[in-house]
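Read the structure below first, then the notes.
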Amino acid sequence: MSYIYSLNKLNSLSIVSSLSLMNSTDDDLPEMLSDDDTGLPLPPPPPPDLSCAAAVKFKGGGIQNHYTENPDQVLENVIENVLFFLTDRRDRNAASLVSKSWYKAEALTRSEVFIGNCYSISPSQVISRFKKVNSVVIKGKPRFADFSLLPPDWGAHFAPWAKSMMEVYCRCLEKVCLKRMSITDDDLARLAHGFPNFKELVLVCCDGFGTSGLAVLANGCRQLRVLDLVDSEVSDDEEDWISCFPENTTCLESLGFDCVEAPINFEALERLVMRSPSLMKLRVNRYVSTAQLYRLIVRAPQLSHLGTGSFSPLEDMTQVDQEPDYVSAFASCKSLICLSGFREVLPEYLHAIHPVCANLTSLNLSYASINAEQLKSVIHFCHKLQVFWVLDTICDEGLEAVASVCKDLREIRVFPLEPREEEDGPVGEVGLRAISEGCRKLESILYFCQAMTNAAVIAMSKNCPDLVVFRLCIMGRQRPDRITGEPMDEGFGAIVKNCKKLTRLAVSGLLTDKAFSYIGQHGKLVRTLSVAFAGDSDLGLKYVLEGCPKLQKLEIRDSPFGDSALRAGLHHYYNMRFLWMSSCRVTRQCGAEIAHQLPRLVVEVINWNDEGKETGAYVETLYMYRSLVGPRTDAPKFVNIL
């Protein structure tokens, strides 16, 4: 009877979880471990919205069935077999809440762990509960670290995680993905020598390591399938790391090093590509010329994802008898669907990619300083494009060309070539309106501009109701509607009213409390909110904290919110991943009061001066996050934990 009840309970929880996923995105956070989650046999934890603290993502692992006369063991085996079919993280989290048996079985069958904040739980707590993990994803520093708003030596070290995982996961760990973490060459050596079955390493926005560590990893991981370095800082140790891969046939499926600002041994890279028959994804750095790229793609026509490097002839072309036939080389890449790179592109070489444009679903030109006419020669063929990143050098005219061709577009990002606050910019309301009218399937947009109008934003809310992510970054501080001079309240209000699936929102420009009241009233699914140079008073933030029940991440900079607004979220902070406030009107005393009232919330005050002391009435930066383990022990001097 208890088994039937458990199945019914699981079914109902799974249905609710599945429905909630219909409105989620890849950036959504997984559910959290409960505060009582220590790895010991415990009763089912309380609902995660009351006491969760550390993010965990998971997939079903292998199941072993053993016959036994013990009824409890029989039930446990049955539960494990049921859990085998649950691969969605929310369904499995719901299953762990059914009973003590389900909670235990779910831990035993979990193969992938996601830690949304490396300081929200300790490595020992993770390995004591989950014994058969083969994939670990860990996030470290808050996102504003990408904008130099966090001192570089703030923390988020991978070393304690690597040391702890060696004790339990030495035979089973195959994949590690880190984002905004500090990982050293010694850590890379641990991965290479401490985990004999290690196969995949992805480092996104990480630092602390160099080409020496990459050499150790390439030499030690004989089964390496994936090595992807994305926007990471890699020091040049003058080490020929490319030559350290195995001399025989490799298992490489994906190799990305476009962020490595150091020359590479091209001959070694060419040989590596030739002996990697499974290689499907390759992103090279700007030290690879077009002629060298030609040699690579001729030897690997099976590529589905390609990062082109410089896409310009770095060598002296006067010494070359005849230029390679780039058009024919790209024409042979029948499987190519994703194209990026173009870091030092010469526009006259863009015609070479024309043969693959018709098959592209993703095109990243965010490093290519090209104009509208140069873009048109490429975008004209890209009818299947779903993801497009570009610089604002293409102007509104270029965006109009995109809108006229790319009817299946789902994501667009428009970055500034030179961030500035002048009123007139290359892109604005004309380009935004064109995209909204031409790309009705759009789900995600990031748009940098100098000025905007409410009318253009309202039009997007009506034309693209399936938007899940809307990030409009008006670089001019507190800039009103460019035509009417009114605040941008109605534009952002229309977004949260009409885009019912919205989970991520970034607001900017001249905004009053009215805009935040719209967000609190209609943004019921918003999980991530970023605010810059906006707001009237504390009332605006109160609207958000009291009206957005799904809010997980809140980032605020240079806004007038103070102590009263911060106290308004006391009921919700345990449900959030973090709250970041920099250059606002929050006092140290208020932070200390919140830390006292919510003991499982870590409140950090970050100051840029060496002594870590406030220089004015307000703290420079307040960073709050929930944690199972309390304050961290590796805080530098400029971080005061209240």
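The values are calculated or read from the model by the stated rules, or taken from the named source; none is laboratory data. As the structure is a prediction and not an experimental result, all values here were calculated from the model. Every residue, glycine among them, receives a Cβ derived from its backbone with ideal geometry; neighbour counts consider all protein chains shown. Keep in mind that these areas ignore ligands, DNA and RNA; they rest on the heavy atoms of the full protein, side chains included. Shrake-Rupley method; radii C 1.70, N 1.55, O 1.52, S 1.80 Å.
Which of the numbered conditions does Phe85 fail, given that it passes all the others? Conditions: (1) closer than 25 Å to Val202 by Cβ; (2) assigned to a loop (DSSP other than H, G, I, E, B); (3) not β-branched (Val, Ile, Thr).
Phe85 satisfies all of (1) closer than 25 Å to Val202 by Cβ; (2) assigned to a loop (DSSP other than H, G, I, E, B); (3) not β-branched (Val, Ile, Thr) except (1).
Could you say which residue among Leu269, Leu217, Leu224 is touching a Leu at 6+ places or on another chain (Cβ under 6 Å) and either of a type outside the set (S, T, N, Q) or assigned to a strand (DSSP E or B) (or both)? Lay out the reasoning, then the answer.
Numbers: Leu269 fails: touching a Leu at 6+ places or on another chain (Cβ under 6 Å); Leu224 fails: touching a Leu at 6+ places or on another chain (Cβ under 6 Å).
That would be Leu217, the only listed residue that is touching a Leu at 6+ places or on another chain (Cβ under 6 Å) and either of a type outside the set (S, T, N, Q) or assigned to a strand (DSSP E or B) (or both).
Considering the stretch 599-629 alone, what residues qualify as being open to solvent by 20 Å² or more (accessible area, probe 1.4 Å) and either at pLDDT 95 or above or not aliphatic (A, V, I, L, M) (or both)? Walk me through it before giving the result.
Just the residues of the stretch 599-629 that are open to solvent by 20 Å² or more (accessible area, probe 1.4 Å), to begin with: 599-600, 608-611, 613-618, 620, 628-629.
Across the stretch 599-629, the qualifying residues are Pro599, Arg600, Trp608, Asn609, Asp610, Glu611, Lys613, Glu614, Thr615, Gly616, Tyr618, Glu620.
Got at least one residue in the stretch 275-286 being modelled with pLDDT under 95 and touching a helix residue (DSSP H, G or I) at 6+ places or on another chain (Cβ under 9 Å)?
There is no residue in the stretch 275-286 that is modelled with pLDDT under 95 and touching a helix residue (DSSP H, G or I) at 6+ places or on another chain (Cβ under 9 Å).
In the stretch 495-505, which residues are open to solvent by 10 Å² or more (accessible area, probe 1.4 Å) and outside any loop (DSSP other than H, G, I, E, B)?
Lys497, Asn498, Arg504
Here are Leu628, Leu622, Leu579: which of them is more than 27 Å from Gly520 (Cα to Cα) and in contact (Cβ under 8 Å) with a residue 40 or more places away in the chain?
Numbers: Leu622 fails: more than 27 Å from Gly520 (Cα to Cα); Leu579 fails: more than 27 Å from Gly520 (Cα to Cα).
One residue alone meets the criteria, Leu628.
Looking at the stretch 149-196, which of the residues that are polar (S, T, N, Q) and touching a residue at least 40 places away in the same chain (Cβ under 8 Å) is surrounded by the most Cβ atoms within 10 Å (Cβ to Cβ)?
Here the answer is Ser182.
I need the full set of residues from the stretch 132-160 which are in a loop (DSSP other than H, G, I, E, B) and under 20 Å from Glu200 (Cβ atoms), in order please.
The initial filter retains those residues of the stretch 132-160 that are in a loop (DSSP other than H, G, I, E, B), namely 132-134, 140-142, 148-156, 158.
The answer is Lys132, Val133, Asn134, Gly140, Phe158.
Does any residue of the stretch 502-509 turn out to be farther than 26 Å from Leu417 by Cβ, more than 23 Å from the chain's Cα centre (by Cα), modelled with pLDDT of 95 or more and among the polar types (S, T, N, Q)?
Quick first cut of the stretch 502-509, residues farther than 26 Å from Leu417 by Cβ only: 502-503.
So of that shortlist, the ones also more than 23 Å from the chain's Cα centre (by Cα) come out as none.
Scanning the stretch 502-509 turns up no residue that is farther than 26 Å from Leu417 by Cβ, more than 23 Å from the chain's Cα centre (by Cα), modelled with pLDDT of 95 or more and among the polar types (S, T, N, Q).
Of the numbered conditions (1) more than 27 Å from Gly476 (Cα to Cα); (2) open to solvent by 10 Å² or more (accessible area, probe 1.4 Å); (3) among the aromatic types (Phe, Trp, Tyr), Phe533 fails exactly one; give the number of that condition.
(1)
Say we look at the stretch 166-188 and pick out the residues that are at pLDDT below 95 and part of a helix (DSSP H, G or I); which of these is nearest to Lys199 (Cα to Cα)?
If we take residues in the stretch 166-188 being at pLDDT below 95 and part of a helix (DSSP H, G or I), then Met166 is nearest to Lys199 (Cα to Cα).
Kindly provide the set of residues from the stretch 461-518 that are on the phi > 0 side of the Ramachandran plot and touching a strand residue (DSSP E or B) at 6+ places or on another chain (Cβ under 8 Å), ordered by number.
The answer is Gly509, and nothing else.
Kindly list, by first and then second residue, each pair from a residue in the stretch 536-554 that is under 14 Å from Leu505 (Cα atoms) and open to solvent by 40 Å² or more (accessible area, probe 1.4 Å) to a residue that is at pLDDT 95 or above and not polar (S, T, N, Q), limited to pairs with Cβ atoms under 9 Å and residues at least 6 apart or on different chains.
Lys550/Gly523; Lys550/Lys524; Lys550/Leu525; Lys550/Val526; Lys550/Arg527
For the structure I just gave you, tell me whether Ile353 is at pLDDT 95 or above and under 17 Å from Gly431 (Cα atoms). Spell out how you get there, then give the answer.
Values: at pLDDT 95 or above: yes; under 17 Å from Gly431 (Cα atoms): no.
No; evaluated as a whole, the condition is false for this residue.
With the requirement that a residue be in a loop (DSSP other than H, G, I, E, B) and open to solvent by 20 Å² or more (accessible area, probe 1.4 Å), what does the stretch 99-113 give you?
Residues of the stretch 99-113 in a loop (DSSP other than H, G, I, E, B): 99, 109, 111.
Correct list: Ser99 only.
Could you check Val526 against (1) open to solvent by less than 10 Å² (accessible area, probe 1.4 Å); (2) under 21 Å from Cys584 (Cα atoms) and say which number it fails?
Among (1) open to solvent by less than 10 Å² (accessible area, probe 1.4 Å); (2) under 21 Å from Cys584 (Cα atoms), Val526 violates only (2).
A quick yes/no check of all residues on (1) in contact with a Lys or Arg (Cβ under 6 Å, 6 or more places away or on another chain); (2) closer than 23 Å to Ala159 by Cα; (3) open to solvent by 70 Å² or more (accessible area, probe 1.4 Å); (4) β-branched (Val, Ile, Thr):
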position	(1), (2), (3), (4)
Phe209	no, yes, no, no
Val216	no, yes, no, yes
Glu267	no, no, yes, no
Leu282	no, no, no, no
Arg299	no, no, yes, no
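For the stretch 470-484, enumerate the residues that are in a loop (DSSP other than H, G, I, E, B), open to solvent by 30 Å² or more (accessible area, probe 1.4 Å) and not charged (D, E, K, R).
From the stretch 470-484, those in a loop (DSSP other than H, G, I, E, B) are 475-480, 482-484; that's our starting set.
Still in the list and also open to solvent by 30 Å² or more (accessible area, probe 1.4 Å): 475, 477-480, 482-484.
Across the stretch 470-484, the qualifying residues are Met475, Gln478, Pro480, Ile483, Thr484.
Within the stretch 485-494, track down each residue that is open to solvent by less than 30 Å² (accessible area, probe 1.4 Å) and in contact with a Leu (Cβ under 9 Å, 6 or more places away or on another chain). First the steps, then the outcome.
Residues of the stretch 485-494 that are open to solvent by less than 30 Å² (accessible area, probe 1.4 Å), as a first pass: 488-489, 491-494.
Matches in the stretch 485-494: Met488, Asp489, Gly491, Phe492.
Tell me which residues, restricted to the stretch 127-143, are open to solvent by 10 Å² or more (accessible area, probe 1.4 Å) and out of contact with any helix residue (DSSP H, G or I) (no Cβ under 8 Å at 6 or more places or on another chain).
Step one: of the stretch 127-143, the residues open to solvent by 10 Å² or more (accessible area, probe 1.4 Å) are 127-129, 131-132, 134, 137, 139, 141, 143.
Those that are open to solvent by 10 Å² or more (accessible area, probe 1.4 Å) and out of contact with any helix residue (DSSP H, G or I) (no Cβ under 8 Å at 6 or more places or on another chain): Ser128, Asn134, Val137, Lys139, Lys141, Arg143.
Identify all residues within the stretch 555-581 that are aliphatic (A, V, I, L, M), more than 21 Å from Leu149 (Cβ to Cβ) and in contact with a strand residue (DSSP E or B) (Cβ under 9 Å, 6 or more places away or on another chain); write none if there are none. It would help to see each step written out before you state the result.
Keep residues of the stretch 555-581 that are aliphatic (A, V, I, L, M), which gives 556, 565-566, 568, 570, 576, 579, 581.
Applying the additional criterion that residues be more than 21 Å from Leu149 (Cβ to Cβ) yields 568, 570.
Within the stretch 555-581, none qualify.
Do you know which residues across the stretch 330-342 are more than 18 Å from Ile379 (Cα to Cα) and surrounded by fewer than 21 Cβ atoms within 10 Å (Cβ to Cβ)?
Across the stretch 330-342, the qualifying residues are Ser332, Lys334, Ser335.
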